[in-house]
1. Out of (1) touching a residue at least 40 places away in the same chain (Cβ under 8 Å); (2) under 10 Å from the mean Cα position of the chain (by Cα), the odd one out for Arg26 is which?
2. Consider segment 70-82. How many of its residues are surrounded by fewer than 18 Cβ atoms within 10 Å (Cβ to Cβ) and under 21 Å from Tyr35 (Cα atoms)?
3. Filter segment 40-69 down to residues that are among the acidic types (Asp, Glu) and surrounded by fewer than 17 Cβ atoms within 10 Å (Cβ to Cβ) and give me whichever is farthest from Gln116 (Cα to Cα).
4. Can you find a residue in segment 96-108 that is surrounded by 16 or more Cβ atoms within 10 Å (Cβ to Cβ), of a type in the set (D, E, K, R) and outside any loop (DSSP other than H, G, I, E, B)?
5. Kindly check whether there is at least one residue in segment 79-93 that is among the hydroxyl-bearing types (Ser, Thr, Tyr), touching a strand residue (DSSP E or B) at 6+ places or on another chain (Cβ under 6 Å) and at pLDDT below 95.
6. Can you list residue pairs whose Cβ atoms sit under 6 Å apart, with the first residue in segment 106-132 being under 14 Å from Gly155 (Cβ atoms) and the second being surrounded by fewer than 19 Cβ atoms within 10 Å (Cβ to Cβ) and at pLDDT below 70? Count only pairs 6 or more apart in sequence or on different chains.
7. Of the residues Leu17, Leu123, Leu113, which is assigned to a helix (DSSP H, G or I) and at pLDDT 95 or above?
8. Which one is modelled with the lowest pLDDT among residues in segment 155-188 that are buried (at least 19 other Cβ atoms within 10 Å of the Cβ) and either aromatic (Phe, Trp, Tyr) or over 22 Å from Ala110 (Cα atoms) (or both)?
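The values are calculated or read from the model by the stated rules, or taken from the named source; none is laboratory data. Predicted model only: the values in this text are computed from it and were never measured. When we count neighbours, we look across all protein chains shown, and the Cβ atoms used for this are built from the backbone with ideal geometry, even at glycine.
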Amino acid sequence: MKKSYTLLGVGLALSTLLGSCASSYRSIRPETLQYNFKETSPEDNLSISYVYDGLALRNNKKYVKRETRNAIKIVAVKIENNSATKISVGQDCRFMMGDRVLMPMEPQVAAKLIKQPVPIYLLYALLNFSVGGTQDPSGNVSGATFIPTGPFIAGGNMIVASSANANMHKELIGNNIMAKSIDPGQTAFGILCLRETTSGPLKIVLNKVAIHKE
């Protein structure tokens, strides 16, 4: 019995693979989000608004999966300084969830944990195809045209994943709220990286030490 191998089969195989392909990174851009949760500290004249699901809102599905798997929360925040004094977020403030003081992660560490793995896409190099051949009763195929699609698929996915990881790393570090200072009456947007399994209410308070004055 003869069996034809057509481009249709190739197309079906490729469509199956697409579900596990690398994905690009869509920036969170904290300053563009709508903040529905806000906590104010009247004593310190500070307020924080926050969004826990920034990665999900931007449809970064692969990063959301790794965020959940590693018990990490990538939180977009908006901090308003209504005091008469300039504050340095990392030095002068602490974040709390209920009565518990939070220890923010370094963005470099968070980025390393949630990044897409790149070397695994080398496996695509094995996925080559033969088109147009016929199979005899003994199972031998003849007359097929070999198409080395694997290396191209592997290379493309590795490039996409590497670029996406670089963009994610750049955004987490560039928007690190812990590295920002806020002048009196001003607002700062940024990203707070937490090692947490829950998405509880956040608040920001001043450390009871001398803070910056200009």
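1. (1)
2. Of segment 70-82, the ones surrounded by fewer than 18 Cβ atoms within 10 Å (Cβ to Cβ) are 70-71, 82.
Next, only the ones that are under 21 Å from Tyr35 (Cα atoms) stay: 82.
The qualifying residues number 1.
3. As a first pass, look at segment 40-69 and keep what is among the acidic types (Asp, Glu): 43-44, 53, 67.
Keeping just the survivors that are surrounded by fewer than 17 Cβ atoms within 10 Å (Cβ to Cβ) gives 43, 53.
On the way: Glu43: 42, Asp53: 18 Å.
Selected residue: Glu43.
4. No, there is no match, as no residue in segment 96-108 is surrounded by 16 or more Cβ atoms within 10 Å (Cβ to Cβ), of a type in the set (D, E, K, R) and outside any loop (DSSP other than H, G, I, E, B).
5. Of segment 79-93, the ones among the hydroxyl-bearing types (Ser, Thr, Tyr) are 83, 85, 88.
Now narrow it down to the ones that are touching a strand residue (DSSP E or B) at 6+ places or on another chain (Cβ under 6 Å): 88.
Filter again for at pLDDT below 95, leaving none.
No, every residue in segment 79-93 fails to be among the hydroxyl-bearing types (Ser, Thr, Tyr), touching a strand residue (DSSP E or B) at 6+ places or on another chain (Cβ under 6 Å) and at pLDDT below 95.
6. Hits for this filter: Tyr124/Gly150; Ala125/Gly150; Leu126/Gly150; Leu127/Gly150; Asn128/Pro148; Asn128/Thr149; Asn128/Gly150.
7. On the way: Leu17 fails: at pLDDT 95 or above; Leu123 fails: at pLDDT 95 or above.
Selected residue: Leu113, the only one of Leu17, Leu123, Leu113 that is assigned to a helix (DSSP H, G or I) and at pLDDT 95 or above.
8. If we take residues in segment 155-188 being buried (at least 19 other Cβ atoms within 10 Å of the Cβ) and either aromatic (Phe, Trp, Tyr) or over 22 Å from Ala110 (Cα atoms) (or both), then Asn157 is modelled with the lowest pLDDT.
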